[in-house]
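The values are calculated or read from the model by the stated rules, or taken from the named source; none is laboratory data. From a predicted model like this one, the values you see are computed outputs, not experimental measurements. Positions of Cβ are backbone-derived with ideal geometry, glycine not excepted, and every protein chain shown enters the neighbour counts. Accessible surface is based on the protein model in full, side chains and every heavy atom, while ligands, DNA and RNA are left aside. Shrake-Rupley method; radii C 1.70, N 1.55, O 1.52, S 1.80 Å.
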Amino acid sequence: MLDRRLNAFRADLAEQRLKGLVEAETFTEGTAGRVTAPLADLRPHPDAKVGIDSQLLLGERVQIFDRANGFAWVRAELDGYVGYVSESAIEDISDEAPTHWVTALRTYRYAEPDMKRPIVDQLSIGSRLRVIGETEVRGTRYALTDNSYAVVAAHLAPIDTASLDHVAWAARFIETPYLWGGRSGFGIDCSGLVQMTLMMSGKTAPRDSDMQANALGVEIGFDERSRGDFVFWRGHVAILEDEETVIHANGHTMTVARETLADAITRIGPVYGQPTNLRRV
């Protein structure tokens, strides 16, 4: 059976590439779009009361299959994840592509380049912006974006700049609140932390822990483990900071936290059993 997380199909509509694999009244290629909200919740159904599967960040690209009743049915370009987002959070691509992304865990957009002026909104690490210039005000440099907003220039870098490895990025997330389906500097889950930290270090990863356990990098033996490897349980994943320490977003502390691998195995065992495998990218 096709995974609904990675394939867009309903009785009335399905994506064109699934023609011959599923039955639907109509098939569509969809249209290219981009996220315009600071953060867009991605849900399995077009209902704001349904829990989220994932989140999309400002400037990320999507394929739009349908718009109805305030929701858009989309596929995320980054990881192929399919779901419903608020229609107001996206738009068809009509402008030029983003040039920079946010490298601070969180930052602000200002109405003008002055930290004393009101903020417009807050942005997560990984958000993408088009920068058209810079200016300095009272010793602070600001990047000017194509919507006339300003962001502290030190919080941005050209897109795909990878200045740290994924373990160092993970350490920056320490104490970020745990959020099921979260994928941002405001709240994140275990597989979201893996995906986001790899993205910021220039690598790609599937979205959910079961996908990552099956397809991320290559499998290694427990005794081969070292910094940067990923430890998987049934329904959970952690990043090895070194052979004996992990960083993971977890429901025990409800944060991104650091603990020993031995403690994690002992604590998680009664709920998810023993680790199922380790992988390395």
Subject >> Yes/no for Met211 being modelled with pLDDT of 95 or more, open to solvent by less than 70 Å² (accessible area, probe 1.4 Å) and closer than 29 Å to Trp101 by Cα >> reply: yes
Original post:
How do the pairs read when you match residues in segment 20-41 that are without any contact (Cβ under 8 Å) to a residue 24 or more places away in the chain with residues anywhere that are among the small types (Gly, Ala, Ser) and crowded, with 16+ Cβ neighbours inside 10 Å, using Cβ under 9 Å and keeping only pairs 6 or more apart or on different chains?
Top reply: Leu21/Ala14; Val22/Ala14; Glu23/Ala14; Ala24/Ala14; Glu25/Ala14; Thr26/Ala14; Phe27/Ala14
Original post:
Looking only at segment 169-197, which residues are outside any strand (DSSP E or B), more than 22 Å from Ile268 (Cβ to Cβ) and open to solvent by less than 10 Å² (accessible area, probe 1.4 Å)?
Top reply: Trp169, Gly185
Subject >> Candidates Tyr81, Tyr108, filtered to the one that is touching a His at 6+ places or on another chain (Cβ under 9 Å), under 28 Å from His155 (Cα atoms) and in contact (Cβ under 8 Å) with a residue 24 or more places away in the chain >> reply: Tyr108
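Any residue that is closer than 21 Å to Gln212 by Cβ, modelled with pLDDT of 95 or more and open to solvent by less than 60 Å² (accessible area, probe 1.4 Å) - is there at least one of those in segment 7-21?
yes
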**OP:** Quickly run through segment 11-35 and pick out the residues that are under 25 Å from the mean Cα position of the chain (by Cα), of a type in the set (D, E, K, R) and part of a loop (DSSP other than H, G, I, E, B).
**Re:** Glu29
Subject >> All strands (runs of 3 or more DSSP E) inside segment 61-132 with 3 or more residues being under 19 Å from Ala14 (Cα atoms) >> reply: 61-68, 71-76, 82-86
Original post:
Condition test on Asp223, is it on the phi < 0 side of the Ramachandran plot, touching a Leu at 6+ places or on another chain (Cβ under 7 Å) and charged (D, E, K, R)?
Top reply: no
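Does Val82 meet the test of being surrounded by 18 or more Cβ atoms within 10 Å (Cβ to Cβ) and either within 14 Å of Arg183 (Cβ to Cβ) or in contact with a Ser or Thr (Cβ under 9 Å, 6 or more places away or on another chain) (or both)?
no
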**OP:** Give me the pairs, please: first residue somewhere in segment 2-15 and closer than 9 Å to Phe65 by Cβ, second residue anywhere and open to solvent by 60 Å² or more (accessible area, probe 1.4 Å) and of a type in the set (Ser, Thr, Tyr), beta-carbon distance under 6 Å, and either six or more positions apart or on two chains.
**Re:** Leu13/Thr26
